[in-house]
């Protein structure tokens, strides 16, 4: 069947077939000599997006605090002297001291590690579970969907605090690290359901699209269809849900800590400090405001980052 | 910016009583983030009692936007009426307060849409929806509104109307839903009915039924009908006059017989030659080259010139004015006469 | 098939044979424990043959099963019963590698150019995907060039392969869909309403392109559409479907000039002709009512509830699609006759 090439090679094809000229919407002239990928285009787009750089800067900053808090805070957050209770700013403690007489700023900086670990790792695990469960349920439907959807319903029906108390009780006497990862696991195992539902419904929407049928007609297998065609089109809502979940995980860690089943002193986290600050809010608001602001900015940064990435992966918005 | 608004419409001298509905030199633009789309660029047409005017055009030609401007249902933003008049019984609707427009909407000028399923509210019975304007606008009691609703459903030939009053939109077929929407539009006895692609979503056999119904209703009720469509076949069967739109302008306006016999605008001619015909065998389809224009960058001069086989330098430089060809027909083409006389080109 | 030279491709020989194809969709109730309470008979015993190089038009109104038929032929749905033979090989029972190889012979152009292209893939990736799935068709080095050739063949600028679908108009997107369907050099292309979503002035461009490709590549088309004028223009033979069955099948001339089935006649008479003079010459057969639900088709002849010729026998006896005395092409009507007035 070499007639095909002959046809293709015929001169002046375009004119003969009535080429439709330029696309109706003026597209950016592409560089024709290099094959481009969605990720590559997304990166080119992100590089020009100030929101991306601002949010990335914030995220990097918080991450740096988590890795090397000593670079940001001069004082030792565990150096607490009751006589300095609620004292004003002095000697490196730019936001003054809290109820226990610890440096508020230093505690917020040192708290980044635990809080960020809890938030980011819980969101990551949540994302993986939600994508796998949502994709399988949405793509295969039928009994797979029926079973997984019931599992989602059941997990959704478990009260977070009650389950957390039961699960975390077993590790209440363990070391700090064990408790930290226990909290992360518990939050993720109880928190993936919303994201899974979102993924499932967007997978169902994507699965019904004609381009999925087209791929199937070409002989594409389930793996290729899920990976190339459904995932990229179902990811956007999941990213939004996950960035918001990241914030709420950090906040949930605070609640658990407050109830005495989450992180415990001497571990420092924003959650622990926010709760402590809340109790003594009337005497001094700064020990509450400082970790809360750190938390809010971190969550905001992740949400903006998620937003920017999601938009960059949508060619229609370019 | 309205200096050409004073240009008279030579083809249609206003009769003594004035036209029932008249659109004069309407300009509408959509202001979007990407830029300003000039959707309507000086549309002028008129409608008299009891006649059917077909407005023919492809997507983006501005045929539906004109109707929405008449109804006063354009969303501002993004749509802005930049210039022009819409005269209903001599009153310029565009300068009237919203309250007065609301009175005219539905009671004087009513509209039906292509997609009857989304135009009907799924949670109310059709009887309730048909009766709604009777209760709210005509002040009828519930019982009277019910009775009138059954009459209206009979009028649009919905079988067993009294029984189906309590049914919900999803229980009706596509054709029946379109009838329900027509019944709703007729509730307040409008003098003008605007039908926006009323049969596009329907099958041919059902399409024929609905077009018959509209033609009969227009005759029996003495309504004026504006039929907006992209289908040259549908138009040929029912319209008295046709206005062909392209890039927000009326490029040709003629009596239906005259237009089909000898189109006087290259776009109309191209359209007629590009559709396969059921009753003609083995014809070659000559397609119109190129694409409809981007409304944010309409070509200079005649907007059709990049696609036109008759194009000359003058078409690129000068916007063609409406050329009158006799029998009240006009064509916005520099070479209208040549196109008209060119029977086999 | 042996490994020796391919069999000679004779124009006019049967390339695809469909025999008593049936697809019933169960109507079920319940979430976890599903209970079947009925069957939608979308395709209810369809048989036809497609010959090499010809275009078979399939017309019918919405719900007649023509799109389900396309999906069955493309193996997007599993048929309830029936047999489809593609060049002598059983299409419906093929699995795995066999099925993948058969798919190379038959591709589809879909109706909606806006949903049939993945919005997150470049045009190059979309048209190149067939080569990734079937790497044996084109070595990796030559793929890019092949994609550009395909763009050229369908009349698009080969330099545009890095653009995304939304940067193209509807007609251009349909060309992209056609290029993707051509990539594996299929012999059959199923066109499911390929122009109905396009503007009138663009439809002709796409129809002309399809005709040109057929001439140059020797393709066979199954052209599914609701627009009888378009079908007449492009088809050599036409099948008319009603409620899951083919009620009449014949050459373009037999169907459009000498239809013997009342439904075909009604359908043809209802098509609006773009000629105001013609409205006086033509009489429209006005069918009453709507198409019955395919979940509960009428007994006997499915069309009898809307037919003006219906008699007792139509309710009790299923008319077979066999050549009738009135004209020698298959027509599923007990009272088949050619309509005299036009």
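The numbers here are math on the coordinates, done by the rules we state, and not lab data. This is a predicted model, so every value here is computed, not measured. Every residue, glycine as well, gets a Cβ built from its backbone with ideal geometry; the counts of neighbours run over all protein chains shown.
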Report, to two decimal places, the Cα Rg of chain C normalised by 2.2 N^0.38 Å (N = number of residues). 1.06
State, as an integer percentage, the relative contact order of chain C based on alpha-carbon contacts under 8 Å between residues 6 or more apart. 19
Counting pairs of alpha carbon atoms under 8 Å apart in space and at least six apart in sequence, what relative contact order in percent does chain A give? 23
P(r), alpha carbons of region B:197-345 - 5 Å bins starting at zero, rounded %: 2, 8, 17, 19, 19, 15, 10, 6, 2, 0, 0
Between A:70, A:40, A:262, find the one with the highest GNM mean-square fluctuation for chain A; connect C-alpha pairs within less than 10 Å. A:40
Length released on extending from residue A:48 to residue A:264, taking residue separation times 0.36 nm less the Cα-Cα span: 73.5 nm
Quick one: order C:73, A:297 by neighbouring beta-carbon count within 10 Å, fewest to most. A:297, C:73
Assuming a viscosity of 0.890 mPa s and a temperature of 25 °C, what translational diffusion coefficient in µm² per second does Stokes-Einstein assign to region C:244-316, Rh being the Kirkwood radius over Cα pairs? 177
Over the C-alpha atoms of region C:119-162, what are the Rg and the largest Cα-to-Cα span, Dmax, in Å? 10.0, 27
Shape of region A:250-318 from its Cα gyration tensor (a ≥ b ≥ c, root eigenvalues): rounded if a/c is under 1.5, otherwise prolate when a/b > b/c, or oblate? prolate
Kirkwood Rh in Å, taken over the protein assembly as shown so that all alpha-carbon pairs contribute: 32.8
Mind pulling the angle between the C-alpha long axis of helix C:123-133 and the longest principal axis of chain C? Nearest 10 degrees, somewhere in 0 to 90. 90
Rounded Å value of the spacing that divides the Cα centres of region B:194-245 and region C:72-124: 39
For every helix of n ≥ 4 consecutive DSSP H residues, a contribution of -39,500 (n - 2.57) applies; sum these over chain A, divide by its total residues, and give [θ] at 222 nm rounded to the nearest 500 deg cm²/dmol. -21500 deg cm²/dmol
Mind pulling the angle between the C-alpha long axis of helix A:270-279 and the longest principal axis of chain A? Nearest 10 degrees, somewhere in 0 to 90. 50
Bin all alpha-carbon pair distances of chain B at 20 Å intervals from 0 and give each bin's fraction as a whole percent. 29, 56, 14, 0
Rg/Rh of region A:85-139 (Cα atoms, Kirkwood Rh), to two decimals, equals 1.42
How long, wide and thick is region B:134-276, going by the Cα atoms along their three principal axes, in whole angstroms, largest first? 55, 29, 26
Length-normalised contact order for region C:114-202 - Cα pairs under 8 Å, 6+ apart - percent: 37
Cα-Cα pairs above 17 Å in region A:161-201: how many percent? 37
Counting only other chains, and only Cβ atoms inside 10 Å, what mean value do you get across the residues of B:231-238? 5
Would region B:128-168 count as rounded, prolate or oblate if I go by the C-alpha gyration tensor, calling it rounded below 1.5 in a/c and otherwise prolate when a/b exceeds b/c, oblate otherwise? prolate
Could you work out which residue, out of C:37, C:189, C:222, moves most in a Gaussian network model of chain C, that is, has the largest mean-square fluctuation with Cα springs under 10 Å? C:37
Taking chain B and counting helices only, DSSP H stretches of n ≥ 4 at -39,500 (n - 2.57) each over all residues, the nearest-500 ellipticity at 222 nm comes to -9500 deg cm²/dmol
Which whole number gives the average, over all residues in A:218-227, of C-beta atoms from other chains lying within 10 Å of the residue C-beta? 4
Just for the Cα atoms in region C:189-251, what are the lengths along the principal axes, largest first, rounded to whole Å? 31, 27, 16
Ordered by packing density, taken as the mean number of other Cβ atoms within 10 Å over each peptide's residues, highest first, how do B:46-55, B:91-100, C:171-180 rank? C:171-180, B:46-55, B:91-100
Equivalent-ellipsoid semi-axes of chain A, from the Cα gyration tensor, Å, largest first: 49, 26, 13
Which shape class, rounded, prolate or oblate, goes with region B:45-122 when its Cα gyration tensor gives a ≥ b ≥ c as root eigenvalues, a/c under 1.5 marks rounded, and past that a/b bigger than b/c marks prolate? rounded
Dividing the alpha-carbon Rg of region C:154-271 by 2.2 N^0.38 Å yields what? 1.20
So how far, in whole Å, is the C-alpha centre of region A:101-155 from the one of region A:34-96? 23
On a 0 to 90° scale, report how tilted helix A:38-47 is relative to the longest principal axis of chain A, with both axes built from alpha carbons and the result rounded to the nearest 10. 50
Long-range share for region A:224-283, i.e. C-alpha pairs more than 14 Å apart as a percent of all pairs, stands at 66
Looking only at other chains, what is the average number of their beta-carbon atoms within 10 angstrom of each beta-carbon in A:91-100? 0
Find, to one decimal place in angstroms, the Kirkwood hydrodynamic radius of region B:217-262, where the mean of 1/r is taken over every pair of different Cα atoms and then inverted. 11.6
From DSSP H assignment alone, runs of 4+ in chain C each adding -39500 (n - 2.57), the sum over residues rounded to the nearest 500 puts [θ] at 222 nm at -8500 deg cm²/dmol
Along principal axes, largest first, the alpha-carbon spread of region A:174-318 in whole Å comes out as 68, 37, 20
Alpha-carbon centroids, region C:174-245 and region B:246-282: separation in whole Å: 24
